[in-house]
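Quick notes on the structure that follows.
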Amino acid sequence: MWPRVQRGNNLIVAKSKDTVIILRRDEMIVNGPVRTEIVGGGGLMPESESGKQEDKEKDSEEGTATSKTTVIDAARGAIFNRLDPVTRNREMFFEGDVKIADTQFDISCETLTAYMRFTEGEKGLQKAVANGLPEKRVRVERHTENGERQLGLAQEVTYVISSGDVVLDIWPEIRRGSHSSVAKHRDARIVMKKNGNVESRGVDIQIVPDGDDGLKGLKQEG
């Protein structure tokens with residue numbers, strides 16, 4: 001009842017008394033509502049942004065904490081250290097009304113898969129892919145360094161750890177300030193760059209004033 005497990009930088013906490021945690025060889029399976037806190041590092045940020053070692057040691061001596069925490073809530077459960085039979089790499093999988101709160105963004109989705117590699121020169125988290133439902137796409141909210149608020153929608157959203165970019169695929173839309181960019185084709189792509197810029201890849205991106213019907217999905221699904 002109310003189980004919790006500390007595993008490396010991950011703190012897994014049940015959000016219901018009925019949540020069950022199963023330890024199976026290298027995997028850990030959680031059935032039921034669960035919260036995961038990725039602590040003691042850069043969260044989902046690139047390693048280069050998580051702070052230099054000397055800064056961490058200095059903060060430790062001064063009794064302050066600069067490490068970031070990423071919080072992931074999942075209503076149906078999660079699987080940790082799941083083995084991909086093809087790549088032989090490990091994954092973290094979260095399912096059911098997933099909410100991710102990171103230092104760089106907030107994401108709401110149906111499922112989230114975080115891909116890890118342990119090969120020489122490519123160790124650690126590589127990317128995180130969020131997927132939505134046909135009737136409810138992935139929602140991304142991000143505040144840039146200059147204070148601009150960006151809201152995005154897409155059926156699939158990929159966070160690339162090395163660059164810090166957020167890639168919106170499958171009917172993407174984004175609102176920036178007073179304007180919205182709306183994909184007219186399924187295969188359009190919008191990239192939310194770490195520096196706050198936005199790039200569109202593909203064709204038929206429609207720019208419409210905020211007061212018009214742009215980003216209707218954000219109003220309906222948000």
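Before moving on, here are some points about what is shown:
- Which of 82, 4 has the fewest Cβ neighbours within 10 Å, and the rest in rising order: 4, 82
- Footprinting exposure proxy for 37, 145 (fewest neighbouring C-beta atoms within 10 Å first): 145, 37
- In plain terms, the chain from residue 165 to residue 145 could stretch by 5.8 nm, reckoned as 0.36 nm per residue minus the Cα-Cα distance.
- Förster radius 41 Å - calculated FRET efficiency between residue 178 and residue 1 (Cβ-Cβ, nearest 0.05): 0.20
- Cross-link table 15/68; 15/193; 68/184; 17/127; 99/193; 15/194, entries beyond 27 Å C-alpha to C-alpha: 15/193; 68/184; 17/127; 15/194
- Region 140-179, dipole about Cα centre (Lys/Arg Cβ +1, Asp/Glu Cβ -1), debye to the nearest 20: 160 debye
- Net lengthening on full extension, residue 76/residue 195 (0.36 nm per residue, minus Cα-Cα): 39.4 nm
- Cβ crowding within 10 Å, taken as a proxy for footprinting-reagent exposure, orders 115, 159 from fewest neighbours to most as 115, 159.
Here, each number is a calculation from the coordinates, and none is a lab measurement. Fair warning: this is a prediction, and the values are worked out from it, not measured in the lab. Glycine also receives a Cβ, built like all others from the backbone with ideal geometry; neighbour counts cover every protein chain displayed.
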